[in-house]
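Read the structure below first, then the notes.
The values are calculated or read from the model by the stated rules, or taken from the named source; none is laboratory data. Keep in mind that what you see is a predicted model, and the values were worked out from it rather than measured. Neighbour counts run over all protein chains shown; Cβ positions are idealised from the backbone, glycine included.
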Amino acid sequence: MTETVKYRGRLSQIGIYFKKFLRMFVYQSDWKVLPIGAIIAALVTFVIGSNMFVTQEGTTTGTFALTCVCIWNGLFNSIQVVCRERDIVKREHRAGMHISSYVVAHMLYQLLLCALQTIVTILICTLAGVHFPEVGIIFPAGIADVFVTILLVTYSADLMALMISCIVKTTTSAMTVVPFLLIFQLIFSGGLFDLGSASLISAATISHWGMNALSALGQFNSLPMVSLWNMLVQFKDIDLFGYKPLLAILQDIEKNDMVTDFTLWSGSFANNPDYASTVSNMWVCWGAMILLIVIFVVISIIALKFVDRDKR
């Protein structure tokens with residue numbers, strides 16, 4: 001499905017290529033990314049969904065998993081879209097196509113695709129029992145904040161993949177890069193591993209800002225931590241000189257209906273300033289992902305400007 005752009009105007013070319021990508025969505029089965037993304041989201045959220053936004057532990061694993069799903073969806077949306085038609089781009093660029101128009105058309109199309117994936121992901125999470133916040137930080141409705149956050153994570157990963165697709169010359173090279181991108185995002189998210197001196201690297205990852213935003217929306221610092229309570233329960237039958245001190249303490253806590261107070265108290269020691277449920281923190285997280293999107297787009301345009309130098 002190739003077309004020669006008939007108009008020199010950048011806006012006209014954006015419209016032409018956007019319509020082309022919509023036809024490719026229908027006729028070249030690009031729509032398959034939606035059901036595939038839904039299956040991936042279902043496999044993950046049905047395992048961790050019930051405790052997400054309920055406990056600190058569940059929120060940490062849940063936001064990490066959900067962020068990974070979004071990044072996975074975004075990467076595979078566009079990792080091959082440019083390099084698979086690089087010869088066409090090269091020919092049409094020589095005929096008068098503006099690279100910026102071509103990339104912006106991809107941006108608009110991928111934004112639409114990511115919005116659809118975001119809706120599907122939220123529906124799957126809801127079916128899996130995820131209790132999304134009712135009240136938002138930026139918008140009155142919590143689901144609106146969740147939608148924007150998931151969309152930004154998916155879209156920024158999408159445009160990162162688009163950037164790679166603009167840089168490499170073959171689909172094989174593009175797919176080879178994907179595992180390294182995923183590993184980098186997972187390790188340096190800062191959510192599950194103590195990065196130590198490498199913590200500054202997390203500021204360059206989509207996963208870091210996505211987890212921070214979702215944790216802030218879930219009121220992480222106000223949630224109970226159940227790990228300490230569960231650990232004490234496991235050791236409640238330890239006998240010291242014919243006496244079980246832990247069992248007596250735990251029974252006393254339960255008798256006085258203080259289990260919730262205990263878990264909230266233990267959770268206060270795990271508070272993370274990066275997860276603060278404030279307007280300023282949310283804008284920092286969203287702004288960081290928007291900045292990454294801008295950087296990816298600029299690099300994509302610059303890289304594709306050199307398409308005429310291909311020797312293939």
Exercise. Which residues, counting only those in the stretch 119-141, are part of a helix (DSSP H, G or I) and in contact with a helix residue (DSSP H, G or I) (Cβ under 6 Å, 6 or more places away or on another chain)?
Worked result: 120, 121, 124, 125
For this session: Could you check, for the stretch 13-31, whether at least one of its residues is within 30 Å of residue 180 (Cβ to Cβ), modelled with pLDDT of 75 or more and among the small types (Gly, Ala, Ser)?
Result: no
Problem set entry | Test result for residue 100, touching a residue at least 40 places away in the same chain (Cβ under 8 Å), within 25 Å of residue 42 (Cβ to Cβ) and either touching a strand residue (DSSP E or B) at 6+ places or on another chain (Cβ under 9 Å) or part of a helix (DSSP H, G or I) (or both) | no
Seminar exercise, completed: Of the residues in the stretch 144-174, those that are aliphatic (A, V, I, L, M) and surrounded by fewer than 16 Cβ atoms within 10 Å (Cβ to Cβ) come to 144
Problem set entry | Unmet requirement for residue 63, which otherwise passes all of (1) surrounded by 21 or more Cβ atoms within 10 Å (Cβ to Cβ); (2) out of contact with any helix residue (DSSP H, G or I) (no Cβ under 6 Å at 6 or more places or on another chain) | (2)
Problem set entry | For residue 144: the one exception among (1) out of contact with any helix residue (DSSP H, G or I) (no Cβ under 7 Å at 6 or more places or on another chain); (2) over 19 Å from residue 211 (Cα atoms); (3) part of a helix (DSSP H, G or I); (4) among the small types (Gly, Ala, Ser) | (2)
For this session: Keeping to the stretch 125-137, report how many residues are over 19 Å from residue 65 (Cβ atoms) and either surrounded by 14 or more Cβ atoms within 10 Å (Cβ to Cβ) or of a type in the set (Ser, Thr, Tyr) (or both).
Result: 2
Exercise. Failed condition for residue 112, given (1) touching a residue at least 40 places away in the same chain (Cβ under 8 Å); (2) within 22 Å of residue 298 (Cα to Cα), with all others met?
Worked result: (1)
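Would a scan of the stretch 269-279 turn up a residue that is surrounded by 13 or more Cβ atoms within 10 Å (Cβ to Cβ), of a type in the set (S, T, N, Q), on the phi < 0 side of the Ramachandran plot and assigned to a helix (DSSP H, G or I)? So that I can check it myself, show each step before the final result.
We begin by selecting, within the stretch 269-279, every residue surrounded by 13 or more Cβ atoms within 10 Å (Cβ to Cβ); these are 270-272, 274-277.
The next check asks that each one be of a type in the set (S, T, N, Q); those that pass are 271-272, 277.
With the extra rule that they be on the phi < 0 side of the Ramachandran plot, the set shrinks to 271-272, 277.
Narrowing the set further to residues that are assigned to a helix (DSSP H, G or I) leaves none.
No; the residues of the stretch 269-279 include none that is surrounded by 13 or more Cβ atoms within 10 Å (Cβ to Cβ), of a type in the set (S, T, N, Q), on the phi < 0 side of the Ramachandran plot and assigned to a helix (DSSP H, G or I).
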For this session: Return yes when residue 174 is of a type in the set (A, V, I, L, M, F, W, C), part of a helix (DSSP H, G or I) and touching a residue at least 60 places away in the same chain (Cβ under 8 Å) and no when it is not.
Result: yes
Exercise. Given the structure, is residue 264 modelled with pLDDT under 90, over 30 Å from the mean Cα position of the chain (by Cα) and surrounded by 12 or more Cβ atoms within 10 Å (Cβ to Cβ)?
Worked result: no
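Take residue 46 and tell me if it is on the phi > 0 side of the Ramachandran plot and in the same structural domain as residue 132 (by TED's automatic domain parsing). Full working, then the answer.
Working: on the phi > 0 side of the Ramachandran plot: no; in the same structural domain as residue 132 (by TED's automatic domain parsing): yes.
No, not satisfied.
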Exercise. Restricting to the stretch 15-43, what's the tally of residues that are crowded, with 16+ Cβ neighbours inside 10 Å and either on the phi > 0 side of the Ramachandran plot or hydroxyl-bearing (Ser, Thr, Tyr) (or both)?
Worked result: 1
For this session: Within the stretch 91-119, track down each residue that is of a type in the set (D, E, K, R) and surrounded by fewer than 17 Cβ atoms within 10 Å (Cβ to Cβ).
Result: 91, 94
